[in-house]
Amino acid sequence: MAKLQTPVKSSFDSINDSLKETHSGLNKYTKSLDKLFKDRPLPSTDHDALSSQENLINRAIAMHLLREGQFGVAATFLSEIADHKTDSPQQKGESASASATANLLDIDEVPSTEIRKQFASMYYILQQLQEHKNLLPAIEWSREHRQSLEARGSNLEFELCRLQYVWLYHGGSSGQGGPAGWQAALAYARREFYVFVPRYLREVQQLVGAMAYSPNLEASPYASLFNTSSAWDDVAHFFTREFCSLLGLSADSPLYIAATAGAIALPTLLKLQTIMRAKRTEWTSENELPVEISLPPSYLFHSIFVCPVSKEQATDENPPMMMPCGHVIAEESLKRLGKSNRFKCPYCPSESHPKDARKVFL
């Protein structure tokens, strides 16, 4: 028993030592979190523009759930909204509230029931594409909507077929390349690529011509065409963007974009609130922030023009105006410069008249 007790005791001691290190690291991690994320109140919501737009918020949540494939949660959410509106004192007994909730997801005369079916179809296609490497449902969808996609100048169908060709070359579902792989790829090219020859002749020539290097494709000039490291994610994002565009929606969830942009802007807004409280000043601008919020390029959706004369950002009330010489200034600056009718351009010797300026649409 004494001989058995010694190794058991040593094992328990080593486990306790390991636990001490784990607890020590966890304590340090907790202290670092508390130090980095201080418990400070969030900026006040006294002037919350969305507080009176409950339908917009509910719609954004429901659409986000549908985009994520959470169809059961979205249905429950919409039904509870309908129940809440029906039971509220102001709208009790009004059948219009239920119908308004049912039509919450309507887009450009596309009924909400059809929107749900469309997103269910999109989610199924993405699941097949990402989890099972099955491109056939996506290719079939792109062929059904070929006219609409071509009207948008989209090359989705070709990109899907190109990836199918590359996937077959690498062995398809077997994952084994070699002679069987390139033979299957060539057979697919003969069967499908003739449709793309008028528009993508050069790309088709490169894909088919690369087969001449099949014994050593990795060292050939066409190696990049057969690199699928990020191809599946890229084509899935491409498909999502085109699918949502045909429905008149953005590729990414507006709720996700708003939440992410708000999280990026939050530290700056907290600092601004602290400074304003210390200096006892108030936020007087109604439609714009008093400080610049740096967002990633993917979160900038509108072109911004700053007048080179007044250094102010153009707005709908003060749009950019282009003079005959080609230089652009804001309309208010144009009016100030053109008080004496003809005036000299601030950036070149040309003379202009305010009536000759044209509004620029960005």
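The values are calculated or read from the model by the stated rules, or taken from the named source; none is laboratory data. Here the structure is a predicted model, which means the values were calculated and not measured. When we count neighbours, we look across all protein chains shown, and the Cβ atoms used for this are built from the backbone with ideal geometry, even at glycine. Ligands, DNA and RNA are stripped out before the accessible areas are found, and what is left, the full protein with its side chains, is counted by its heavy atoms. Shrake-Rupley method; radii C 1.70, N 1.55, O 1.52, S 1.80 Å.
Among the residues making up the range 31-55, those that are among the basic types (Lys, Arg) and at pLDDT below 75 are Lys38, Arg40. Just to verify a result, which residue in the range 224-240, among those that are in a helix (DSSP H, G or I) and open to solvent by 50 Å² or more (accessible area, probe 1.4 Å), is farthest from Phe119 (Cα to Cα)? Taking the candidates together, the pick is Ser224. Mind checking whether some residue in the range 211-218 is over 20 Å from Gln70 (Cβ atoms) and outside any helix (DSSP H, G or I)? No; the residues of the range 211-218 include none that is over 20 Å from Gln70 (Cβ atoms) and outside any helix (DSSP H, G or I). Only one of the listed residues (Leu207, Leu186, Leu168, Leu156) is touching a helix residue (DSSP H, G or I) at 6+ places or on another chain (Cβ under 8 Å), closer than 30 Å to Phe71 by Cβ and not β-branched (Val, Ile, Thr). That residue is Leu156. Among the residues of the range 321-332, what is the count of those that are free of Cβ contacts under 8 Å to residues at least 24 places away in the same chain, open to solvent by less than 60 Å² (accessible area, probe 1.4 Å) and part of a loop (DSSP other than H, G, I, E, B)? Counting residues in the range 321-332 that are free of Cβ contacts under 8 Å to residues at least 24 places away in the same chain, open to solvent by less than 60 Å² (accessible area, probe 1.4 Å) and part of a loop (DSSP other than H, G, I, E, B) gives 1. Within the option set Lys355, Lys335, being more than 30 Å from Ala138 (Cβ to Cβ), free of Cβ contacts under 8 Å to residues at least 60 places away in the same chain, in contact with a helix residue (DSSP H, G or I) (Cβ under 8 Å, 6 or more places away or on another chain) and open to solvent by 70 Å² or more (accessible area, probe 1.4 Å) holds for one residue only, Lys335. Kindly evaluate Lys339 against the criterion of being out of contact with any Phe, Trp or Tyr (no Cβ under 6 Å at 6 or more places or on another chain) and part of a helix (DSSP H, G or I). The answer is yes for Lys339. Tallying residues that are open to solvent by less than 30 Å² (accessible area, probe 1.4 Å) and outside any helix (DSSP H, G or I) within the range 252-267 yields 1.
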